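What follows is calculated from the coordinates using simple rules that are stated; it is not laboratory data. Values in this document were obtained by computation on a predicted structure and should not be read as measured data. Backbone-built Cβ (ideal geometry, glycine too); neighbour counts: all protein chains shown.
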Amino acid sequence: MKEKFQMLFDKLRQTPGLFGNKKAAKGASITYQVIWNLTLLFIILAVIGSAFAGGLGAGYFASLVKDEPIRSYASMKKDIYDYEETSQIYFANNVYLGKLRTDLEREEVKLDEVSEHLINAVVATEDEYFYEHDGVVPKAIMRALFQEVTNSSVQSGGSTLTQQLIKNQILTNEVSFERKAKEILLALRLEKFFDKKEILEAYLNVSTFGRNASGRNIAGVEAAAKGIFGVSAKELTLPQAAFIAGLPQSPFGYTPFTREGTVKENLEPGFSRMKTVLKRMYDDGKIDQKQYEEALAYDLTKDFTTPSESPLEKYPYLTYEIEERAVNIMTKILAKNDGYEEQDLKEDDELREEYRTLADRTIRQNGFQIHSTINKDIYDKMQQVKNNYPYYGPDKPETIKDPETGEDKQIMEPVEVGAILIENKTGKIISFVGGRDHKREQLNHATSALRQNGSTMKPLLVYAPAMELGKAAPGTTLPDVPLYLSPGLNRPWPKNYTNTYSGLVSARQALKHSYNVPAVKLYKDIVGQRPAAYLEKMGFTSLIGPDYTNLSTSIGSLEYGVTVEENTNAFTTFANGGKFIDAYMIEKITDKDGNIIFQNKSEPVDVFSPQTAYLTIDMMRDVINSGTATSIKSRLKFSSDWAGKTGTGTEFIDAWFVASNPNVTFGIWSGYDTPKSLKAPGPLSYSLRNNYLWADLMNAAYDVAPDLVDPSDSFKMPGGIVRRSFCAISGLLPSEACSKAGLVETDLFNAKFVPTKVDDSLGNGKLVRIGDKKYMALDSTPQEFTEPGMVINPDYIQKLFGIKANLSTLIPNKERWKSILTSADQLKDNGKAPAAPSIKASGQTITWGAHPEKDVIGYRVYSGGKKVATIKAGSSLNYKAGSGSIHVTAVDIAGKESASSNVVEIGKKTEEEKPKEEKPKEEKPKEEKPKEEKPKDPPPAEEKPDAEKPSEPGEGEETN
């Protein structure tokens, strides 16, 4: 360098006139030396300064990134591809339902599935040197640094696409030199590990793009293309691609849609940004003049898509239910991965909440595919039936607090409904009805609402456990009489729906007509063996201490209640031969690569023997065939082998019906959210309204899937069940006396618990009747007023039932029981002869009124001093007599006879009644009186059978 400088100086010195003399030349030489030395000094200082500045900068840079770990390829790959992707939910059979609720909707897309226009637009707009740089552009960084230092108001981008990806996926949006230094370092490292296509694909999936046409936040070009223009990213046109490529700079400033899902009034910012993108594409040579001008002139507003209905809007009950169950599943999975058991979560509320929060975020943001068991067509049809059903009953007033004013206000509450359909052998929840209107009430009445299950509890907690324990069979005799079964209550409890009683009934009959007293009495006999433990095995989750001991539990009065799902699921136990299979709605969960995260596995629980299960099914068949649910038979379009049970809550606040056939079990509940009576005027009772809706919903399922809900098979009887005869009085083997009384019945028994003792409760006797009442005859009772009967030993009843009751109420008011007596059926003799009756005649018929004395059992009719008829009390009190003098006496239970009644003459005319005769001119001979014929005794008056009085509850009606 010095030589070049010297040559330049020599050339100047030789220039004529420049240095005119030697002195000037010498001065120039000195000047040269000074200049050279100064130049050399400045160069040295510049180099030293630059080195110092570079070292200082490098040191500062090193200090900024000293805490940044050296990331491996695997670590960086996980980070850049770890973006939130909206999870999707499906009906059964892989039928798409929609996306889970999330703050940011995103769909992953591969680079080869993205429009070339969009790729070019993004690169031209965000990083024109993307394919040339190694992660950073020094010139851009220096420019950005200068603007930062000088606080320039004009900001130009200093970040490449690689840096933006690092910022979004690994670092934060913090504005600092430290963050920028780390960004540069990681960008260089990322470019070393990944090719340009991988980086660009990740960027396109990460970036945010404002809102879609439904007002929901979106990220990733696939969600942007579908949400803004209704097309896939592959199908984007040039103007559409340019519009989307411009959005990341200001997603919510440029987005065309409002939060409410309407098109903004001012679209100019977004369109202006689109024009900028097109210009850069043109300048970069990605489009030609014609494409540029056509895109600028294109009316993009006509391409904006319309709002799409989200699954939450169309299927709110279902969407929320799937979300909840998926989160519960993921909570257990995440906790298990960290070494916790399910029991740990139950016992530690904070731990459970921690993992639930983590699970909720995990299930929403990882692009999972959640497959449910819900049959879309059945579900849709059931919602239509629910929406159009006309017989729910009236809305009723309810007072609530106004959330805004805090004052009381009155609203009208409608009858709500919850129903669920479960496949027996798998536990799959095929469909459900969560409620009538999710906007009015968000509670899922099928899966979450706890209610008293009324008499649907009886087969679950009373009859099946009693048969399992060998304490009952379908033919077991139970008392349906007023009993004092509630300690401290000075009145009979429980009551039947009709407040009437049926006496001795079989367990089958008691369940068929839903009598409460027999159920509670049988439960009292087994409650010490904790039959509520069977409910635990069948999936009841809300039981607490009193539910195991309170007798009212047997008729559905639980402390908290049970859901429709749990109650219905429990009934599947009988259909499954005594095995409980927990119902489920989530079939499987897979990640975005198709790997199975969760797969449901049913694990049957042994609850009852196959024999107990079948006997319960067989008893519940009668409920539908001739009991409280007969109404559904005429309502259904099809006829399966159904077995079920109706139920009513206390004070008529809940109506239930659950029934199974060999394939499915369907349960329904209806009631008000704020408990109040379902009774209301109208042509249909509350229970019929509930049962009819059950039938209509089942018809809807049948229309869609007849093979599923209407199997041709019937419930199969397992081995170990026999048919045996028994005495209806005791449930024991028939005695000769029982056979003679006509009280032998036949039913099914578990072969292990067939009765072995012979009934010895009956003895021969005689009875008398007064109207529809019967009494034991005394030794002195005249035989003419008696008939054969059978007497029940009262000690036997006490021993059999362990109760003290009015024994006369034990005998059912049915014809075949009319000859059965108890020691209580005694008529007290008043100790004196009856008063004489009073009679009168009309033509040849004599009549008299009922005797006022209660011990009178009949009457004797006399003609001419001789008894001609015996009339029993309670029969028609009249007698058609022949000619003669007639009188009647009354006879009491002890055989004492009253004095004669007044006498009436039959067949004799008085003098006034004789016709007047003219006196004969000649005396005629006297006519001989005809001999009076002795009237024949007529046969005893024929007894009319007493009409059988109904004593059973009306169809579908029972209460607890």
Worksheet item: Between residue 650 and residue 192, what length in nm is gained on full extension when 0.36 nm per residue of separation is reduced by their alpha carbon distance?
Response: 157.4 nm
Worksheet item: Which whole-angstrom value gives the distance between the alpha carbon centres of region 632-687 and region 280-356?
Response: 40 Å
Worksheet item: Which of 820, 400 comes first, and how do the rest follow, when ranked by fewest Cβ neighbours within 10 Å?
Response: 400, 820
Discussion item. What distance in nm separates the two pseudo spin-label positions at residue 276 and residue 699, each 7 Å out from Cα along the beta-carbon direction?
Written reply: 6.4 nm
Worksheet item: Rounded to the nearest 20 Debye, what is the dipole magnitude of region 413-709 about its Cα centre when Lys and Arg each give +1 and Asp and Glu each give -1 at the C-beta?
Response: 760 debye
Response to the item:
Amide H proximity to residue 506 below 5 Å, modelled H, separation 5+ or other chain, gives 478
Discussion item. When 1/r is averaged over all different Cα pairs and the result inverted, which Kirkwood radius in Å belongs to region 373-504?
Written reply: 19.6 Å
Worksheet item: At what distance in nm do the modelled label points of residue 288 and residue 425 sit from each other, each positioned 7 Å from its Cα along Cα→Cβ?
Response: 6.7 nm
Worksheet item: Which of 131, 692, 484, 523 comes first, and how do the rest follow, when ranked by fewest Cβ neighbours within 10 Å?
Response: 131, 484, 692, 523
Response to the item:
Listing 303, 283, 408 by rising number of other beta-carbon atoms within 10 angstrom, fewest first, gives 408, 283, 303
Worksheet item: Stretch residue 304-residue 866 to full length: gain in nm at 0.36 nm per residue minus the Cα-Cα span?
Response: 191.0 nm
Item to complete: Work out from phi, with θ = phi - 60° and the Karplus expression 6.51 cos²θ - 1.76 cosθ + 1.60, the ³J(HN,Hα) of each residue of region 716-722, listed in order in whole Hz, and give x for Gly and Pro.
Response: 8, 6, x, x, x, 10, 10
Practice prompt. Mind putting a number on the dipole of region 505-655 about its Cα centre? Charges go on the C-beta only, +1 for Lys and Arg and -1 for Asp and Glu, and I need it in Debye to the nearest 20.
Written response: 600 debye
Response to the item:
Quick calc, residue 484 & residue 401: beta-carbon distance into FRET formula, R0 51 Å, rounding 0.05, result 0.75
Worksheet entry | Charge dipole (debye, nearest 20) of region 262-407; +1 at Cβ of Lys and Arg, -1 at Cβ of Asp and Glu | 740 debye
Practice prompt. Just need the relative contact order of region 413-709 here, percent rounded to a whole number, with Cα pairs under 8 Å and 6+ apart.
Written response: 23 percent
Worksheet item: At residue 850 and residue 94, where each label point lies 7 Å from the Cα along Cα→Cβ, what is the point-to-point distance in nanometres?
Response: 7.9 nm
Discussion item. How many angstrom lie between the Cα centre of region 518-555 and the Cα centre of region 359-411?
Written reply: 32 Å
Item to complete: Be a star and scan region 317-341 for residues whose amide nitrogen sits under 12 Å from the point 7 Å along the Cα-to-Cβ vector of residue 360.
Response: 324, 327-328
Response to the item:
With a Förster distance of 25 angstrom and the Cβ-Cβ distance between residue 596 and residue 252, calculated FRET efficiency to the nearest 0.05 equals 0.10
Discussion item. Please compute the length gained on full extension between residue 638 and residue 500, using 0.36 nm multiplied by the number of residues separating them and subtracting their Cα-Cα distance.
Written reply: 46.2 nm
Response to the item:
Taking R0 as 41 Å and r as the Cβ-Cβ distance between residue 876 and residue 760, the FRET efficiency 1/(1 + (r/R0)^6), rounded to the nearest 0.05, comes to 0.55
